[in-house]
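Chemist: First the structure, then my questions, so here it is.
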Amino acid sequence: MPAPLDWYKDAVFYEVPIRSFMDGSGDGFGDFAGLTERLDYVAALGVTAIWVLPFYPSPLRDDGYDIADYHAVDERYGTLEDFRRFVERAHELGLKVVTELVINHTSIDHPWFQRARRAPAGTIERDFYVWSDTDERFPDARIIFTFSEDSNWAWDEVAGAYYWHRFFSHQPDLNYDNPAVHAAVLEIVDFWLSMGVDGMRLDAVPYLYVRDGTNGENLPETHAYLKTLRGYVDQHYPGTMLLAEANQWPEDAVAYFGDGDECHMNFHFPLMPRLYMAIARGDRTPVREILAGTPEIPDSSQWGIFVRNHDELTLEMVTDDERAFMFDTYAQDPRAPLNVGIRRRLAPLMNGDHRKIRLMLGLLFSLPGSPFLYYGDEIGMGDELDLPDRDGVRTPMQWDDSPNAGFSRVPEGELYAPPIADEQFGYDRVNVAAQQPDPDSQLNWVRRIIAERRKHPAFGRGKVDWFEPADEAVLAYRLAHGTGTVFVAANFADRPAIVDVPDGVDVFSGRRVSGSLTLDPYGFRWISITGRA
Ligand code: TEU
């Protein structure tokens, strides 16, 4: 039976930086051959879709988000044939494939930029990018990579002009006022979607257009463009999902759904840091408030829920006081802050406290929307703060306690980065092989909770009703859907909490519950209230 057009509502996504997952070629660098080899593991997690990070030819100065050729695979990741085999095997295992459409900017090494800098001003070639004779235009546009950039303009000697870049200065922004850029983007879309890709994440999508007198984010022109892109994809590749990476406040983030005619999905960025705030304060309020302040979305749209990803834990969408609280609470190590965020993984952020880790993952798999699990968080991987930029949360997957953590057969020391080897999270103790046979391991716990989630379409499709338990440590809500209704109660405090619950069946124990129940410290419960366990 063909998947429904809105398959993404039932999906459980797994995020994989290909470089970090498995080295198939034996060069110390993860690749498609290795990833394809390990797809059985991914499928056995119970996830239903795999999101792979950029793998296109790139100088890798921003880990592939600096693309030099959109129509090929970087040789370190393999070949187009390896990519096809990956997609084929993923589909065989029932996994949807989501790739990256990084179209806000290219690498300066991209032939488009090399041609533009040499082309006369005002030509189509030149205007593939945004140029200016001064570096003073668009002063209200904030700098995103505050640790490495002090301007969004960079001087180009060859062009004799400044070019616009919202991220690194080696990532010049494309000029969407140039129709030739639109045409080039559609060629990229055709190239990859014709190879069976099921979804595309639109990287840094709020920044496509820039205008004088604005902060260069969320402009109406950007939304108009997304409507045309969506129209094209729906017409030529029905069932393909567009996922916005719009790191914005709720009222701006919902706009990326349009009237159901822009992106199918968008990440709920403001929710993520508030899960960490709630657990640190033992109080549901930060989560309850941000979701109460999140407008309704079109029926065909879906929020993407995450607790961590390949970037720093971004604190762009919190208040100054909340940001200070987050840095005080979670970034005591002076190496932890990066740009406007914290470059740590889930397990270290929770100090390895399994109760807290499981509460965060429990909410990941039960908050309204579709969950995105970051590779390695299913086994409780740590991070390495001595690595540059965000590389500390992109270390080799820890398959076992053999050399290189089973990630590669090259001599030790020849990996793109060393596997975590510290006391608490070292690969000698935190690895798939050790957890596989242990029914109480985090790995098997994650498998169980994903399996339970998938039995209840209400998690991805249900209409949510929020409750206000007297104990503010408790977040409680009901998700109602034709197939059944689930009730969720989660305790953010380090003490037991009592909560009133509807009559039903505890999804994990299978036992009937009614009246009220006591949540363990950082505990949560899922109750099926249609009598279906
Ligand atoms: O990040 C873009 C983005 O919006 C950032 O705000 C992001 O949330 C975070 O702060 C960046 O670390 C995307 C990618 O996720 C990131 O890895 C790339 O470096 C960036 O775009 C540029 O392509």
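The values are calculated or read from the model by the stated rules, or taken from the named source; none is laboratory data. Since we're looking at a predicted model, the values are computed, not measured. Because the Cβ atoms are built from the backbone with ideal geometry, glycine has one as well, and the counts that use them run over all protein chains shown.
Chemist: Given TYR256, TYR276, which one is within 15 Å of the ligand (Cβ to nearest atom), in a helix (DSSP H, G or I) and surrounded by 23 or more Cβ atoms within 10 Å (Cβ to Cβ)?
Modeler: Values: TYR276 fails: within 15 Å of the ligand (Cβ to nearest atom).
Result of the check over TYR256, TYR276: TYR256.
Chemist: Which residues, counting only those in region 165-182, are farther than 17 Å from ILE67 by Cβ and either free of Cβ contacts under 8 Å to residues at least 12 places away in the same chain or touching a strand residue (DSSP E or B) at 6+ places or on another chain (Cβ under 6 Å) (or both)?
Modeler: Answer for region 165-182, where residues must be farther than 17 Å from ILE67 by Cβ and either free of Cβ contacts under 8 Å to residues at least 12 places away in the same chain or touching a strand residue (DSSP E or B) at 6+ places or on another chain (Cβ under 6 Å) (or both): just PRO179.
Chemist: Would you pick out the residues in region 490-532 that are of a type in the set (A, V, I, L, M, F, W, C) and out of contact with any Asp or Glu (no Cβ under 8 Å at 6 or more places or on another chain)? Break it down into steps so the answer makes sense when it comes.
Modeler: Taking region 490-532 first, the residues of a type in the set (A, V, I, L, M, F, W, C) are 490, 492-493, 497-499, 501, 505, 507-508, 513, 517, 519, 524, 526-527, 529.
Correct list: ALA490, VAL501, VAL505, LEU517, LEU519, PHE524.
Chemist: For TYR176, which of the numbered conditions (1) touching a Leu at 6+ places or on another chain (Cβ under 7 Å); (2) buried (at least 23 other Cβ atoms within 10 Å of the Cβ); (3) part of a loop (DSSP other than H, G, I, E, B) fails to hold?
Modeler: All conditions are met except number (2).
Chemist: For region 180-232, how many residues meet the condition of being polar (S, T, N, Q), within 16 Å of the ligand (Cβ to nearest atom) and in a helix (DSSP H, G or I)?
Modeler: Of all residues in region 180-232, those polar (S, T, N, Q) come to 194, 214-215, 218, 222, 228.
When the remaining residues are screened for being within 16 Å of the ligand (Cβ to nearest atom), the result is 215, 218, 222.
Remaining after also requiring in a helix (DSSP H, G or I): 222.
Number of matching residues: 1.
Chemist: Further question: Looking at this structure, is VAL410 of a type in the set (Val, Ile, Thr), outside any helix (DSSP H, G or I) and in contact (Cβ under 8 Å) with a residue 40 or more places away in the chain? If you could, list the steps in order and put the result at the bottom.
Modeler: Numbers: of a type in the set (Val, Ile, Thr): yes; outside any helix (DSSP H, G or I): yes; in contact (Cβ under 8 Å) with a residue 40 or more places away in the chain: yes.
Yes, satisfied.
Chemist: Give ALA489, ALA533 a once-over and let me know the one that is at pLDDT below 95, in contact with a strand residue (DSSP E or B) (Cβ under 8 Å, 6 or more places away or on another chain) and either among the aliphatic types (A, V, I, L, M) or over 26 Å from LYS9 (Cα atoms) (or both).
Modeler: Working: ALA489 fails: at pLDDT below 95.
That would be ALA533, the only listed residue that is at pLDDT below 95, in contact with a strand residue (DSSP E or B) (Cβ under 8 Å, 6 or more places away or on another chain) and either among the aliphatic types (A, V, I, L, M) or over 26 Å from LYS9 (Cα atoms) (or both).
Chemist: Which of the residues spanning region 233-253 are assigned to a strand (DSSP E or B) and within 15 Å of the ligand (Cβ to nearest atom)?
Modeler: Filtering region 233-253 for residues assigned to a strand (DSSP E or B) gives 241-244.
Matches in region 233-253: LEU243, ALA244.
Table: residues versus (1) assigned to a loop (DSSP other than H, G, I, E, B); (2) touching a residue at least 12 places away in the same chain (Cβ under 8 Å); (3) within 16 Å of the ligand (Cβ to nearest atom); (4) among the small types (Gly, Ala, Ser).
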{"residue": "ARG115", "(1), (2), (3), (4)": "no, yes, no, no"}
{"residue": "ALA121", "(1), (2), (3), (4)": "yes, yes, no, yes"}
{"residue": "THR134", "(1), (2), (3), (4)": "yes, yes, no, no"}
{"residue": "ALA154", "(1), (2), (3), (4)": "no, yes, yes, yes"}
{"residue": "TYR162", "(1), (2), (3), (4)": "no, yes, no, no"}
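Chemist: Only one of ARG394, ARG390 is within 23 Å of LYS96 (Cβ to Cβ), within 16 Å of the ligand (Cβ to nearest atom) and within 16 Å of the chain's Cα centre (by Cα); which? Don't jump to the end; show me each part of the working.
Modeler: On the way: ARG390 fails: within 23 Å of LYS96 (Cβ to Cβ).
Going through ARG394, ARG390 in turn, just one is within 23 Å of LYS96 (Cβ to Cβ), within 16 Å of the ligand (Cβ to nearest atom) and within 16 Å of the chain's Cα centre (by Cα): ARG394.
Chemist: Just checking, does region 329-351 include any residue being of a type in the set (Asp, Glu), within 18 Å of the chain's Cα centre (by Cα) and away from the ligand (no atom under 16 Å from the Cβ)? Before you say what the answer is, go through the steps one by one.
Modeler: As a first pass, look at region 329-351 and keep what is of a type in the set (Asp, Glu): 333.
Subsequent filtering for residues that are within 18 Å of the chain's Cα centre (by Cα) retains none.
No, there is no match, as no residue in region 329-351 is of a type in the set (Asp, Glu), within 18 Å of the chain's Cα centre (by Cα) and away from the ligand (no atom under 16 Å from the Cβ).
Chemist: When you go through VAL52, VAL98, VAL42 one by one, which is the residue that is closer than 27 Å to TRP7 by Cα, away from the ligand (no atom under 16 Å from the Cβ) and either touching a residue at least 60 places away in the same chain (Cβ under 8 Å) or under 20 Å from the mean Cα position of the chain (by Cα) (or both)?
Modeler: Numbers: VAL52 fails: away from the ligand (no atom under 16 Å from the Cβ); VAL98 fails: away from the ligand (no atom under 16 Å from the Cβ).
So the residue among VAL52, VAL98, VAL42 that is closer than 27 Å to TRP7 by Cα, away from the ligand (no atom under 16 Å from the Cβ) and either touching a residue at least 60 places away in the same chain (Cβ under 8 Å) or under 20 Å from the mean Cα position of the chain (by Cα) (or both) is VAL42.
Chemist: A follow-up question, please. Kindly indicate whether VAL340 is more than 22 Å from GLY380 (Cβ to Cβ), of a type outside the set (Ser, Thr, Tyr) and touching a Ser or Thr at 6+ places or on another chain (Cβ under 7 Å).
Modeler: Details: more than 22 Å from GLY380 (Cβ to Cβ): yes; of a type outside the set (Ser, Thr, Tyr): yes; touching a Ser or Thr at 6+ places or on another chain (Cβ under 7 Å): yes.
Here the answer is yes, as VAL340 does meet what is asked.
Chemist: Only one residue in SER402, SER408, SER370 is among the hydroxyl-bearing types (Ser, Thr, Tyr) and touching a Lys or Arg at 6+ places or on another chain (Cβ under 7 Å). Which one?
Modeler: Details: SER402 fails: touching a Lys or Arg at 6+ places or on another chain (Cβ under 7 Å); SER408 fails: touching a Lys or Arg at 6+ places or on another chain (Cβ under 7 Å).
Among SER402, SER408, SER370, only SER370 is among the hydroxyl-bearing types (Ser, Thr, Tyr) and touching a Lys or Arg at 6+ places or on another chain (Cβ under 7 Å).
Chemist: In region 361-388, how many are of a type in the set (Gly, Ala, Ser), part of a loop (DSSP other than H, G, I, E, B) and more than 18 Å from ASP10 (Cβ to Cβ)?
Modeler: The first filter runs over region 361-388 and keeps only residues of a type in the set (Gly, Ala, Ser), leaving 362, 366, 369-370, 376, 380, 382.
Applying the additional criterion that residues be part of a loop (DSSP other than H, G, I, E, B) yields 366, 369, 376, 380, 382.
Of the ones still in play, those that are also more than 18 Å from ASP10 (Cβ to Cβ) are 376, 380, 382.
Within region 361-388, residues that are of a type in the set (Gly, Ala, Ser), part of a loop (DSSP other than H, G, I, E, B) and more than 18 Å from ASP10 (Cβ to Cβ) number 3.
Chemist: Condition first: outside any helix (DSSP H, G or I) and either of a type in the set (A, V, I, L, M, F, W, C) or more than 24 Å from the chain's Cα centre (by Cα) (or both). Now tell me which residues in region 428-451 satisfy that.
Modeler: ASP428, ARG429, VAL430, GLN436, PRO437, ASP438, PRO439, ASP440, SER441 - these are the residues of region 428-451 that are outside any helix (DSSP H, G or I) and either of a type in the set (A, V, I, L, M, F, W, C) or more than 24 Å from the chain's Cα centre (by Cα) (or both).
Chemist: Can you run down the residue pairs with Cβ atoms below 8 Å, 6 or more apart or on separate chains, where the first is in region 280-302 and assigned to a helix (DSSP H, G or I) and the partner is of a type in the set (Phe, Trp, Tyr) and surrounded by fewer than 17 Cβ atoms within 10 Å (Cβ to Cβ)?
Modeler: As it stands, the answer is ARG288/TRP466; LEU291/TRP466; ALA292/TRP466, since those pairs meet every condition given.
Chemist: Can you run down the residue pairs with Cβ atoms below 8 Å, 6 or more apart or on separate chains, where the first is in region 416-430 and touching a residue at least 24 places away in the same chain (Cβ under 8 Å) and the partner is buried (at least 16 other Cβ atoms within 10 Å of the Cβ) and of a type in the set (Phe, Trp, Tyr)?
Modeler: Short answer, once both residue conditions are applied: TYR416/PHE29; PRO419/PHE407; PRO419/TYR427; ILE420/TYR427.
Chemist: Check off (1) among the charged types (D, E, K, R); (2) over 16 Å from VAL189 (Cα atoms); (3) within 16 Å of the ligand (Cβ to nearest atom) for ARG89 and give me the number that stays unchecked.
Modeler: Going through the list (1) among the charged types (D, E, K, R); (2) over 16 Å from VAL189 (Cα atoms); (3) within 16 Å of the ligand (Cβ to nearest atom), ARG89 breaks only (3).
Chemist: Another question, then. Has region 69-82 got any residue that is in contact (Cβ under 8 Å) with a residue 60 or more places away in the chain and touching a Gly at 6+ places or on another chain (Cβ under 7 Å)?
Modeler: Within region 69-82, none of the residues are in contact (Cβ under 8 Å) with a residue 60 or more places away in the chain and touching a Gly at 6+ places or on another chain (Cβ under 7 Å).
Chemist: What about ARG461, is it closer than 26 Å to MET265 by Cβ, at pLDDT 95 or above and among the basic types (Lys, Arg)?
Modeler: Working: closer than 26 Å to MET265 by Cβ: yes; at pLDDT 95 or above: yes; among the basic types (Lys, Arg): yes.
For ARG461, the condition - closer than 26 Å to MET265 by Cβ, at pLDDT 95 or above and among the basic types (Lys, Arg) - is met.
Chemist: Here's a follow-up. Filter region 308-328 for residues that are more than 13 Å from the ligand (Cβ to nearest atom) and touching a strand residue (DSSP E or B) at 6+ places or on another chain (Cβ under 8 Å); which is farthest from PRO368 (Cα to Cα)?
Modeler: Restricting to residues being more than 13 Å from the ligand (Cβ to nearest atom) and touching a strand residue (DSSP E or B) at 6+ places or on another chain (Cβ under 8 Å), the top hit is PHE327.
Conditions tested, residue by residue: (1) closer than 23 Å to ALA49 by Cα; (2) within 16 Å of the ligand (Cβ to nearest atom); (3) among the aromatic types (Phe, Trp, Tyr); (4) at pLDDT below 95.
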site: PRO371; (1), (2), (3), (4): yes, no, no, no
site: TYR374; (1), (2), (3), (4): yes, yes, yes, no
site: GLU378; (1), (2), (3), (4): yes, no, no, no
site: TRP399; (1), (2), (3), (4): yes, no, yes, no
site: GLY406; (1), (2), (3), (4): no, no, no, no
